[in-house]
Structures are given as structure tokens and as C-alpha cells.
Amino acid sequence: MTMPMTPHGSGDLTAAQPTQTAHPAHGPARIGPYEIFQLLGEGGMGRVFLARSPGSRLVALKVIRPEYAEAPDFRGRFRREAASARRVSGFFTPPVLDADADAPQPWLATAYVPAPSLHEVVRAYGVLPEAGLRALGTGLAEALLAIHGAGIVHRDLKPGNVLIAGDGPRVIDFGISSAVDATQVTRTGAVVGTPGFMAPEQIMSSREAGPAADLFSLGCVLVFAATRQGPFGTGGTADILYRAVHHPPRLDGVPEALQPLIGACLDKDPARRPPAASVLAALGAADPAALLTEGLREDLARREAHAAVLVAAPPVPMLSLAPPVDPFATPAPRGPSRRRFLWIAAAGTTVAAGGGAAALAGWRSDPDAPPARSGGSSAGTTGRPEPKVPAGPKPRWSTPLKKLESAQLHLLGDTLVHWEKRRAIAYDTATGKERWTGSLRTPSDVSGEPEWLGVRGSTLFATAWSGERGYLFGVDSAGKRKFTHVVTEQGDGQSAAFVHDILSVAGSVALVGTSGSSAYGVLAVDLGSGKVLWSRKVNGSDFQAYADGSLCFLQDNGTLLGLGLRSGAERWKVRDVIKPGAYPALSTDGETLLVSSTKVQAFRATDGKKLWTAINETTTISPARVRGKRAYVYDGPGTVFALDMRNGKQVWHTASPVHLTTTGGADSQGPTVSASMVAIATFATGDVPGFVVLRTSDGKPLWAHQPSGRTGGKREWLLQISGSTLFAASDTTLHAFRSDAS
């Protein structure tokens with residue numbers, strides 16, 4: 001048995017202290033769109049670089065070793081796992097931002113966290129007190145809830161994969177472990193993991209490692225944080241593995257109050273281990289400040305100063321004839337690089353960020369140059385003057401919003417629901433006053449809190465999980481419960497599948513997305529009776545389903561199917577509609593089905609016949625919003641299109657009238673459309689996010705809202721339209737704008 005192992009505090013760190021400077025042989029190093037600054041670490045899977053995106057966001061860029069990339073089926077596995085990881089949404093998990101399974105060496109980018117690993121913290125500053133252990137445990141448990149909720153098993157939770165930031169821990173490297181694990185097992189029969197932090201079933205067979213294996217690892221990590229070593233001691237690899245399978249854990253030095261819970265996590269039988277929600281409830285409220293010592297605070301301040309210098313520095317010019325960077329090539333000797341100067345500037349705080357750092361490195365920059373724009377099918381980049389567009393009207397009303405992570409906004413009757421997984425708050429559309437906060441009493445076998453799934457039709461959905469059952473709840477516009485249904489149950493020795501999404505609702509039937517220990521699935525649920533009408537396994541995480549009338553449309557790993565909504569019977573099938581992992585969006589007018597990815601494809605709803613293709617680009621296109629006989633979409637550079645549903649011809653197209661970059665893809669909210677206006681929310685590149693309102697009839701820009709300063713928040717605005725009223729939510733405030741087309 002061989003185990004590719006990553007040294008603690010090095011190869012698998014998302015935010016390790018930089019260990020050396022990247023020295024490309026030919027000019028500035030870039031991998032994909034990312035500018036490389038430093039090598040953070042190296043391990044069995046590949047190398048991790050500190051890099052910067054075109055929008056000046058620091059990322060940890062993991063580049064996979066060639067031997068994995070060349071293995072059969074690895075790229076498909078990598079694509080599916082990366083797509084699943086992008087669905088993970090939690091405070092204690094840095095978001096996965098981007099990935100490329102088709103690059104010469106596949107890579108995955110996550111948000112950079114300027115913080116040391118738990119391994120480094122314990123070695124440098126000592127073991128954690130009980131309060132610190134509780135803060136660590138609650139963060140890890142909540143992170144696992146988010147990871148497992150996306151259908152992922154981490155498989156390598158260890159001190160080197162836990163970062164200790166100022167506001168709590170972060171669990172990293174949950175994005176591709178399954179792909180690497182499966183490839184390694186297929187090729188060599190090996191087990192991938194770290195001795196001392198692996199569950200017995202994982203040691204015996206990685207294929208058997210489910211969510212409970214991560215709970216075992218959580219117990220091991222807490223023991224390490226309390227004692228400086230794992231619960232199965234030290235020594236040779238074979239000895240540690242044998243003790244993990246056959247010997248009881250050593251909890252000497254663990255606070256007595258925590259020993260029963262940690263001991264339960266370390267049970268040899270995965271069925272007897274508590275789920276993450278139970279661990280979270282047992283640990284109770286915890287203060288992240290309990291993790292911090294004076295030395296750690298100073299360490300975090302140094303890392304944050306270093307990150308600030310890198311963010312502010314101007315971009316390095318590309319050399320047009322430079323060959324592609326080999327991230328695994330031996331660096332060629334050369335003098336100090338620009339990145340070395342930036343590191344010195346950050347460490348010594350003697351050089352001003354931005355222009356000072358660039359001048360020291362010998363690069364010139366033009367801070368007043370307008371941002372370049374590129375069209376989806378253009379071969380190059382061109383500057384484009386910014387057309388004038390009126391500022392928006394004054395809001396009819398504005399109301400402060402409670403801070404929510406990864407929030408969404410949806411209309412539910414005469415209320416607006418602002419929600420995230422843990423909280424849902426409803427506001428009156430006429431006045432903006434808060435009407436109610438979502439509250440559900442869960443069944444007695446559920447130990448954790450319910451999770452909100454969002455609004456579909458006339459219902460706000462939520463779910464809860466007990467291990468034996470997965471529940472689906474419905475709430476009406478008054479905040480009252482409509483139903484409680486059991487939709488998944490334990491069977492064949494496996495826990496019940498998680499309910500992770502309400503994909504679509506038509507009439508009384510809901511399409512529900514699930515994820516279990518071994519597969520993703522789609523259920524059709526009768527909302528009146530709670531009966532599961534049919535269930536179907538899918539081949540990967542990149543699936544979508546849409547219900548309309550008597551039909552269900554399912555995109556599964558590139559294959560498009562038409563199914564009977566209540567029977568699940570297959571009516572038709574079209575293969576190779578999109579590349580796997582493209583995450584298209586589905587929409588329909590009842591007669592024509594649209595599939596939006598890097599192009600918009602139309603299929604006849606009754607038999608799947610291909611009708612037309614429109615807007616074939618290299619950038620991802622937003623979900624299509626259908627109103628009447630038109631579909632509205634936008635592309636990456638910010639051009640909005642109105643398409644005729646009958647033939648795919650462009651009725652009109654309008655470029656975004658402000659210098660903003662829109663976000664496409666199935667996870668985007670897409671255009672917000674009414675009879676009179678089309679609104680698109682946009683991310684800014686080095687500027688403030690806002691939104692643009694166009695006239696539905698001809699695409700004429702009516703007005704744009706882009707707040708001065710940073711008061712509007714840093715993320716995409718959330719938009720909803722009812723009649724002639726546009727509701728818009730920033731990070732902090734909900735507004736209602738009256739907008740009459742003219």
C-alpha cells in the first residue's frame with residue numbers, strides 16, 4: 001500500500017508563508033489567466049502557487065502533477081469534482097473560484113487566505129485551550145456540513161489543511177481529493193491520505209470512505225490541537241495505521257469535557273459516529289478569538305500586509321512570444337525578480353504598495369489607462385468608450401439588511417425573501433419593512449438547524465437531515481409552514497441522501513437535487529402528498545433539471561433528456577449537447593427548450609429535435625430568461641441579447657453602458673425581466689458593482705445604478721422585478737426603484 005503524502009504545512013496549504021519565488025524562464029509567469037507570485041508549497045498532488053487574477057484578487061492556484069493528468073479518466077473526474085467544489089458555500093471554506101480540467105496540467109483556483117495552518121500554529125504557539133478547541137471544532141463541523149452538503153467527502157482533513165485566520169478556521173483542499181484518490185486507487189491500488197488522520201474504513205479501502213470518515217479525521221485534528229500529536233501516536237507509517245484500525249485512541253491531554261464527543265468521532269464503526277450537525281450542536285457557541293495568541297495575531301498582521309502589497313501592485317506586462325509556463329520545470333537561475341521585491345516590500349514595509357512596488361521592480365504602469373474590453377469572439381482586445389447613461393431614480397424606499405453570507409433575493413407573493421442557508425428574512429414589497437424571519441421546528445430525530453433552499457413558485461423551501469431521513473419543508477408568503485415531507489431515507493447500510501437543491505417546480509411537482517455517499521440524484525416529489533414519484537441517479541455533479549407542464553428536462557453530464565414529469569419515463573435523449581462540467585442553464589417557453597453555456601441551443605420540447613444555435617462564443621453565457629416569445633441573455637463582456645424563440649435570431653443586442661464585467665454560468669441569476677425592462681447585475685473589475693436597466697422592447701439603456709464609494713458592497717447586486725418596480729439588494733441595503741420605460 002502506498003500513500004502519496006503531503007508534508008504538514010507545505011504542499012496542501014492554501015495560505016502558507018511563501019517558501020520560494022517562482023522563476024519562470026521566459027518573462028512573467030502566468031498559468032491560465034493568473035499571474036504567479038510565489039510557490040507556496042509542493043506535495044503529492046502537485047504544486048500550490050500564490051497568484052493574482054485579472055481583477056486583482058489573490059488566489060491559491062493548485063496545479064496537478066502530469067502523471068495524474070495523463071491517467072485515463074482523470075480529467076473527467078477532476079472536472080466533476082471541481083464543479084462540485086464550486087457549489088460549496090460556507091464561511092469556513094474558502095470558495096473555489098475557477099478550474100481548468102483541459103489545461104496541459106489541470107489547475108484549480110481558490111480564494112487565498114493569508115493565515116498559517118493549524119500545524120504551524122500548534123508547533124509555534126502551543127496547544128489550544130478548551131475554548132480554542134471548541135472554536136476550532138465548531139468551525140470544522142460547519143465546514144464539513146457545507147462540504148458534505150455539496151456531495152463531497154474531503155478524505156484528507158488534517159492540521160495542514162486547516163488554516164487559522166483571525167475570524168476562525170478555514171478548511172481547504174476539499175476540491176479534488178476524490179479525483180486524485182480515484183486515479184491513484186485505479187492505477188496502483190493505493191490509499192490516499194495522511195497516516196494518523198485517516199479513518200479505519202479509509203485505510204482498508206478508500207472507496208468505502210464516506211462523510212463519517214471526515215468526522216473521524218475531525219476527532220484526530222482536535223486531539224492534535226490539544227496534545228501536539230494524533231490519537232494514535234507517532235512512529236512508522238505501518239504502526240500508526242495498525243493502531244488506527246485496531247487500538248483505541250489516546251485522549252490523554254484532551255480536556256475532560258470534550259473527551260466523550262471526540263471519542264464518539266473516533267469510533268471504529270462509521271455508523272456510530274455523530275454527524276457534523278450533532279458535533280456542532282454539542283460544542284455549542286464558541287468565540288473564534290479563543291484561537292488567537294499575541295504571536296499569532298502578529299503573524300496574521302504580517303501575512304495580511306504582504307497580501308495587501310501584492311493586490312495593489314500593477315500587473316506585469318505579458319511577453320507575446322513567451323512559451324507556455326511549465327509549473328513543474330526546474331527554475332532557471334536568475335537575479336532577484338519583481339515578486340522578490342514585492343516580498344521584501346511586504347516584509348519590511350519600506351516600499352509603498354502599487355506604483356512604488358512597480359517602480360522598484362523596474363515596470364511602468366499607467367493608472368489612468370481605461371480598462372480593456374474583449375468581445376466573446378474577438379481575436380484581440382480593444383478599448384471602448386463609455387457611453388453616457390442616466391443615473392437611476394431615487395429609491396421609493398430603502399431598508400437596512402441583516403448581513404447574510406452568499407445571500408439570494410426572491411419574490412414570494414407580496415414579500416421579498418432575502419435568504420442564505422442558515423437564515424431567511426421576508427420584507428414587505430410596499431414598504432420595505434421586515435415581515436417575518438423564517439423559523440421551523442424540526443422533527444425530533446434532527447439535531448441541527450434546517451437549511452433554506454430558496455423560493456420556487458409560491459413556496460420557500462428548506463431541508464433538514466438526520467442521517468436516517470432527509471426532510472423537505474415548505475413555507476408560504478406569510479412565513480407559515482405548508483408541509484413537512486420525508487423525501488430520502490436510510491437504506492443498504494448507507495445514510496439518507498442530502499437534499500441540496502430545489503431545481504424546479506411545476507404545478508404540484510418539485511424536482512429535488514440530492515447527494516449521497518456515492519452518487520448524485522434527482523427526485524420528483526408530489527408536494528401535496530409528499531410522495532416521491534420517481535428518482536434517478538445522475539453521472540456527475542454538473543446536472544440540471546427543469547420542469548414545465550407535463551415534462552421534465554434533465555441535463556446529465558452532457559446528455560439532454562426529456563422525461564415525463566410524474567412518471568420519470570424517458571421520452572427522448574440527445575447526447576453530447578455540451579462538454580461535461582460546463583454547467584449550462586435550462587429554460588423553456590413550453591414549446592422550446594433552451595440550453596445556455598458558451599452558446600444558446602434550442603430543442604423542441606416534445607421530441608428533442610435541434611432547432612437552432614445562437615451567440616456561439618468563448619465566454620460563458622448567462623441563463624436565459626424567457627418572456628413571451630423572446631429569450632434574454634448576456635455574455636461575459638456585458639452585452640445583452642434579445643433572441644426570437646422561434647428561430648434564434650437577434651431582435652436586438654446592447655453592450656453594457658458602464659465599464660463592468662458581468663458573470664455568466666448556471667449559478668448566475670441571469671437577466672431580470674419584466675414587460676417593460678431588463679435589468680442585469682454586474683461585478684466590477686477594480687470598481688464598484690452596480691446594475692443596468694434596459695428597455696425590453698428595443699434594448700435602449702434607460703439608467704444605471706453604480707454607487708459612489710464602497711457603500712454598495714463588493715459583490716453582485718441581487719435584483720427582482722414586480723410590475724414597474726425594481727427591487728435591488730446590495731450587501732447592506734434593500735431598495736425599491738420605480739422605473740417606467742420611456
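The values are calculated or read from the model by the stated rules, or taken from the named source; none is laboratory data. This structure is a prediction, so every number in the text was calculated from the model and none was measured. Heads up, the Cβs are rebuilt from the backbone with ideal geometry, glycines too, and the neighbour counts pull from every protein chain shown.
Things worth noting here:
- Of all residues in the range 706-718, those satisfying the criterion of being surrounded by fewer than 20 Cβ atoms within 10 Å (Cβ to Cβ) and either more than 20 Å from the chain's Cα centre (by Cα) or modelled with pLDDT of 85 or more (or both) are PRO707, SER708, GLY709, ARG710, THR711.
- Hits in the range 624-650 (condition: of a type in the set (A, V, I, L, M, F, W, C), under 25 Å from the mean Cα position of the chain (by Cα) and part of a loop (DSSP other than H, G, I, E, B)): ALA624
- Output for the range 599-625, where each listed residue is β-branched (Val, Ile, Thr) and crowded, with 20+ Cβ neighbours inside 10 Å: VAL600, ILE615, THR620, ILE621
- Qualifying residue in the range 422-436 (condition: crowded, with 19+ Cβ neighbours inside 10 Å and at pLDDT below 90): no
- Residue count for the range 259-278 satisfying the condition of being at pLDDT 95 or above and touching a Gly at 6+ places or on another chain (Cβ under 7 Å): 3.
- Members of the range 114-167 that are farther than 22 Å from GLU298 by Cα, assigned to a helix (DSSP H, G or I) and hydrophobic (A, V, I, L, M, F, W, C): LEU140, ALA141, ALA143, LEU144, LEU145, ALA146, ILE147
- Any chance ALA238 is modelled with pLDDT of 90 or more and of a type outside the set (Lys, Arg): no
- Search result, residues across the range 256-275 that are over 19 Å from PHE232 (Cβ atoms), touching a residue at least 24 places away in the same chain (Cβ under 8 Å) and in a helix (DSSP H, G or I): ALA257, ALA271
- None of THR484, THR463 is in contact with a Pro (Cβ under 9 Å, 6 or more places away or on another chain), part of a strand (DSSP E or B) and surrounded by 23 or more Cβ atoms within 10 Å (Cβ to Cβ) except THR463.
- Criterion (modelled with pLDDT of 95 or more and more than 20 Å from ALA426 (Cβ to Cβ)) met by exactly one of VAL522, VAL475, VAL505: VAL522
- When residues of the range 285-317 are limited to those that are part of a loop (DSSP other than H, G, I, E, B) and in contact with a strand residue (DSSP E or B) (Cβ under 7 Å, 6 or more places away or on another chain), the one modelled with the lowest pLDDT: VAL316
- Residue that is without any contact (Cβ under 8 Å) to a residue 12 or more places away in the chain and either closer than 26 Å to GLU130 by Cβ or not basic (Lys, Arg) (or both), where the choices are ASP287, ASP252, ASP239, ASP214: ASP239
- Single residue of the range 405-420 satisfying the filter (closer than 14 Å to ALA462 by Cβ and touching a Ser or Thr at 6+ places or on another chain (Cβ under 7 Å)) that is surrounded by the most Cβ atoms within 10 Å (Cβ to Cβ): LEU412
- Of the residues making up the range 529-547, those that are farther than 30 Å from ARG75 by Cβ and either at pLDDT below 95 or touching a strand residue (DSSP E or B) at 6+ places or on another chain (Cβ under 6 Å) (or both) are GLY530, VAL532, LEU533, TRP534, ALA547.
Results for (1) farther than 24 Å from ALA146 by Cα; (2) in a strand (DSSP E or B), shown as yes or no for each residue.
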| residue | (1), (2) |
| --- | --- |
| LEU523 | no, yes |
| LYS537 | no, yes |
| ALA545 | no, yes |
| LYS579 | yes, no |
| LEU586 | yes, yes |
| LEU594 | yes, yes |
| GLN601 | yes, yes |
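- Evaluation of GLY686 against the conditions (1) modelled with pLDDT of 85 or more; (2) out of contact with any strand residue (DSSP E or B) (no Cβ under 8 Å at 6 or more places or on another chain) shows that the sole unmet condition is (1).
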